[in-house]
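The structure appears right after this line, and notes come after that.
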């Protein structure tokens with residue numbers, strides 16, 4: 001049983017998805033989806049323990065020997081990402097039970113869970129597979145279902161957002177496909193380990209450089225790297241609450257994992273940083289994302305939009321760590337993947353609570369909501385502090401590692417920038433907190449007098465993530481150590 | 001020069017299709033036309049994959065005991081998968097356009113943007 005874990009973690013949600021369509025019953029599909037998600041979470045914990053104990057696991061699908069058959073490879077990095085994705089997916093299931101029928105109506109519930117499970121299995125498949133073409137297939141499974149999920153939003157703008165994401169996402173995935181095709185043209189293989197072994201004989205070819213460009217650009221579109229982020233703000237803003245939480249916590253993280261996997265495990269460290277010299281390019285885009293998107297976030301009037309732009313800025317922090325090209329930098333990136341998943345999911349969960357009770361995400365409508373929904377807004381504030389990077393929260397730990405890593409390379413300006421950009425985060429989080437707690441309600445469309453605190457089934461998942469933010473802000477053994485090990489292993493194994 | 005143009009003509013076709021598809025996606029305002037452009041763009045990649053699997057003088061890869069040269073079947077199989085993905089993308093895209101038409105009453109992107117800005 002245990003030796004089949006690498007494939008079971010993907011199969012569990014993949015099999016549960018069509019069962020949901022057969023079942024059709026709202027509560028039944030929720031139960032099925034919860035069991036599948038929690039099952040995947042349990043497997044990911046087991047896999048991580050197994051990897052830390054015995055090293056990399058290789059699983060041959062259908063006993064076809066790699067590189068002919070498809071191979072699933074789980075090392076420290078995958079296991080870590082699997083844990084982040086399944087943990088976020090598991091935490092939001094109790095939240096979904098209440099929020100999904102409220103936002104999508106009882107009739108659409110089973111379709112929602114079908115798409116949700118498909119999206120989850122696509123993300124897990126992208127993470128676990130060791131085959132470049134298989135990545136494309138899983139990428140499209142997760143993308144197609146996420147377009148459908150976004151279009152379920154209540155506002156009609158969700159449809160337009162989903163359409164725009166579909167066009168850009170498909171262009172990204174097709175660019176990735178071109179890159180993989182060019183790699184196959186030059187090496188005759190699709191297995192990542194085999195690709196890495198054969199690529200150094202042909203790496204001076206212009207075709208390999210072109211393949212690198214297409215693959216990085218394709219993944220960059222899915223990752224919402226700064227100038228390619230046009231789809232993200234609308235998609236996050238108008239998607240249903242559960243979808244925003246899920247995508248913000250997992251989808252971009254998996255794309256970043258893919259980028260790291262291709263940079264380090266396929267093309268190799270020396271090719272990426274010495275031959276292509278991608279470091280400065282990534283640095284410039286990262287800094288632009290941090291500064292520009294933080295500034296844009298300050299001017300937004302919709303809470304979900306503020307958080308969406310802040311997500312693009314946070315991706316900038318993660319890329320800044322990548323651009324350093326050192327073990328420390330990579331560790332900071334991985335740590336921020338973990339911590340950012342927690343804080344952003346927590347913030348979007350709080351937004352979901354507000355939307356459930358108030359029905360609006362506009363700052364004007366939410367003035368004084370803190371007095372009506374103190375627990376929700378407390379959770380928002382605490383996760384917001386983590387986003388800013390206040391000591392004793394998880395956000396502080398990742399900023400600390402990132403600043404240390406930049407100073408290790410002697411990049412003083414970058415370190416100063418990280419600290420200054422945190423002040424911008426303080427401004428946009430502060431804007432929401434100020435409106436919620438310190439402003440008088442406006443007599444507008446929404447009547448706040450009748451608003452009550454969100455129900456417990458919504459509050460408990462939110463507070464679980466708040467406590468996770470505080471816990472991992474003090475106790476860094478798990479997150480930082482595994483991130484460090486994964487970073488060392490990734491750079492150590494790279495050419 | 002002749003070799004560059006005629007010898008690599010499959011790649012020139014791929015590039016022409018790819019650019020035409022991308023140009024349609026970027027320049028058209030009509031949502032259906034955008035999807036058509038997207039499909040042309042995807043198709044160009046299918047052609048790229050299939051043409052790199054061709055072996056000169058090779059036939060269809062059917063094993064019947066005789067020794068013969070055959071084309072590489074793997075890119076064909078990969079592209080079968082990619083075609084399925086392309087069909088699914090087109091279907092989902094068209095479904096979204098139908099819903100957009102129901103909600104907005106138009107499928108011209110600038111009209112939709114205008115209506116989005118007003119609300």
Inset, instruction - Go through region B:96-114 and count every residue that is more than 8 Å from chain A (Cβ to nearest Cβ) and surrounded by 16 or more Cβ atoms within 10 Å (Cβ to Cβ). - result: 2
Legend entry - Members of region A:393-432 found to be touching a residue at least 12 places away in the same chain (Cβ under 8 Å), surrounded by fewer than 24 Cβ atoms within 10 Å (Cβ to Cβ) and in a loop (DSSP other than H, G, I, E, B), listed by number: A:409, A:411
Legend entry - Test set (1) closer than 30 Å to residue A:161 by Cβ; (2) surrounded by fewer than 20 Cβ atoms within 10 Å (Cβ to Cβ); (3) out of contact with any strand residue (DSSP E or B) (no Cβ under 9 Å at 6 or more places or on another chain); (4) touching a residue at least 24 places away in the same chain (Cβ under 8 Å) - residue B:89 fails condition number: (2)
Inset, instruction - For region A:270-277, state whether one or more residues are assigned to a helix (DSSP H, G or I) and under 20 Å from the mean Cα position of the chain (by Cα). - result: no
Inset, instruction - Specify which of the listed residues (B:112, B:40, B:79) is touching a helix residue (DSSP H, G or I) at 6+ places or on another chain (Cβ under 6 Å) and under 30 Å from residue A:154 (Cα atoms). - result: B:112
Inset, instruction - Examine region B:6-28 for a residue that is outside any helix (DSSP H, G or I), more than 19 Å from residue B:82 (Cα to Cα) and touching a helix residue (DSSP H, G or I) at 6+ places or on another chain (Cβ under 8 Å), and state whether such a residue exists. - result: yes
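Residue-wise test of (1) closer than 30 Å to residue A:33 by Cα; (2) free of Cβ contacts under 8 Å to residues at least 24 places away in the same chain.
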{"site": "A:241", "(1), (2)": "yes, no"}
{"site": "A:258", "(1), (2)": "yes, no"}
{"site": "A:266", "(1), (2)": "no, no"}
{"site": "A:286", "(1), (2)": "no, no"}
{"site": "A:296", "(1), (2)": "no, yes"}
{"site": "A:302", "(1), (2)": "no, no"}
Legend entry - Which listed residue is at pLDDT 90 or above and over 30 Å from residue A:299 (Cα atoms), from A:493, A:425, A:480, A:487: A:487
Legend entry - Residues (in contact with a strand residue (DSSP E or B) (Cβ under 9 Å, 6 or more places away or on another chain) and buried (at least 22 other Cβ atoms within 10 Å of the Cβ)) located in region A:156-211: A:190, A:191, A:192
Legend entry - Residue check, residue A:166 closer than 27 Å to residue B:116 by Cα, within 12 Å of chain B (Cβ to nearest Cβ), in contact with a helix residue (DSSP H, G or I) (Cβ under 8 Å, 6 or more places away or on another chain) and at pLDDT 95 or above: yes
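The values are calculated or read from the model by the stated rules, or taken from the named source; none is laboratory data. As the structure is a computational prediction, the values presented were derived from the model and not from experiment. Using ideal geometry, Cβ is built from the backbone for each residue, glycine included, and neighbour counts are taken over all protein chains shown.
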